[in-house]
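Undergrad: Here you go, one structure.
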Amino acid sequence: MAIVAPSILSADFGRLHDDVVDVVSKGAEWVHVDVMDGRFVPNITIGPVVTKAVKAAAGDAVVDVHLMIVEPDKYLGDFRDAGADVLTVHAEACPHLHRTVQHIKSLGAMAGVALNPHTPESVLDYVLDELDMVLVMSVNPGFGGQSLIEGVFPKIERIKANIVKRGLKTLIEVDGGVKTHNAHRFTSAGADVLVSGSGVYKAADRAAAIAALKAS
Ligand code: DX5
Ligand code: ZN
């Protein structure tokens, strides 16, 4: 059983509250919030104010904040105050990654580190033991609705093997191009959490899509 985290990037922002309530009522245990700054990625989305509104709508669901921003340390406290349960930063945006991870943990949130498709998993060698989650990007971050990059599967397998070898409980989350028809490939490789934006929000039957992803 996978944890399903619909990405609100593909929701209707004019009725965001209802779109969050909808996926949670249909079985999503996590809600994924994509924060983009127009610097780390070529797109701008939302900040703590909207994250707070998502938290209010999410009820007991985990609010999973994916920070695609430079200098994330400046904003970690604001997102935690807004209700983030998981705070994930990009390794590529953090010259002092170990310190940033400790900062997240000091705020009482789960600490995640995301890797772009080209980033080798070896950047985690000296920080993996500190992490609650590794987010493996299966597309280049910035936009919803892209196709997955095949190289992600052996990468997930290698990270999973490392987690098992070290006896850790670190979750692996995958993000980008995850759909009901390919979700089993991610879970077979070792993914625990499936982010899906268009795969849930654009589905004709969202409850069926969430159930199928969960069962993957
Ligand atoms: C991409 C974001 C993803 C995105 C996934 O930069 O991090 O969370 O919303 O969208 P889909 O599932 O449509 O590929
Ligand atoms: Zn994301």
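Bear in mind these aren't lab numbers, they're just calculated from the coordinates by the rules spelled out. Nothing here was measured: the structure is a model prediction, and the numbers come from that model. Cβ atoms come from the backbone with ideal geometry, glycine included; neighbour counts cover every protein chain shown.
Undergrad: Of the numbered conditions (1) more than 24 Å from L87 (Cβ to Cβ); (2) away from ligand 1 (no atom under 11 Å from the Cβ), K202 satisfies every one except a single condition; which is it?
TA: (2)
Undergrad: Follow-up question, since we're still on this one. Quick check on segment 141-160: of everything there that is assigned to a loop (DSSP other than H, G, I, E, B) and either under 24 Å from D85 (Cα atoms) or aliphatic (A, V, I, L, M) (or both), which residue is farthest from ligand 1 (Cβ to nearest atom)?
TA: The qualifying residue farthest from ligand 1 (Cβ to nearest atom) is I149.
Undergrad: Return the residues of segment 193-216 that are surrounded by 19 or more Cβ atoms within 10 Å (Cβ to Cβ), within 16 Å of ligand 2 (Cβ to nearest atom) and not aliphatic (A, V, I, L, M); say none if nothing qualifies.
TA: S196, G197, G199, Y201
Undergrad: Can you pull out the residues in segment 64-79 that are in contact with a Pro (Cβ under 7 Å, 6 or more places away or on another chain) and closer than 14 Å to P141 by Cα?
TA: Residue satisfying the conditions is M68 alone.
Undergrad: May I ask you to list pairs of residues, at least six apart or on different chains, whose Cβ atoms are under 7 Å apart, with the first in segment 62-80 being among the charged types (D, E, K, R) and the second being within 13 Å of ligand 2 (Cβ to nearest atom)?
TA: Within 7 Å, the pairs are D64/A5; D64/W30; D64/V31; D64/H32; D64/V33; D64/V86; R80/L87.
Undergrad: Among (1) within 14 Å of ligand 2 (Cβ to nearest atom); (2) more than 21 Å from A211 (Cβ to Cβ); (3) touching a Ser or Thr at 6+ places or on another chain (Cβ under 7 Å), which single condition is D37 missing?
TA: Just one mismatch for D37, condition (3).
Undergrad: Kindly evaluate P117 against the criterion of being closer than 18 Å to A189 by Cα, assigned to a loop (DSSP other than H, G, I, E, B) and within 15 Å of the chain's Cα centre (by Cα).
TA: Yes: the conditions hold for P117.
Undergrad: In segment 132-180, which residue that is within 20 Å of H118 (Cβ to Cβ) and among the basic types (K, R) is surrounded by the fewest Cβ atoms within 10 Å (Cβ to Cβ)?
TA: So, considering only residues that are within 20 Å of H118 (Cβ to Cβ) and among the basic types (K, R), the one surrounded by the fewest Cβ atoms within 10 Å (Cβ to Cβ) is R158.
Undergrad: Something else: Could you tell me which numbered condition H181 fails, if it satisfies all but one of (1) within 16 Å of ligand 2 (Cβ to nearest atom); (2) part of a loop (DSSP other than H, G, I, E, B)?
TA: Every condition holds for H181 apart from (1).
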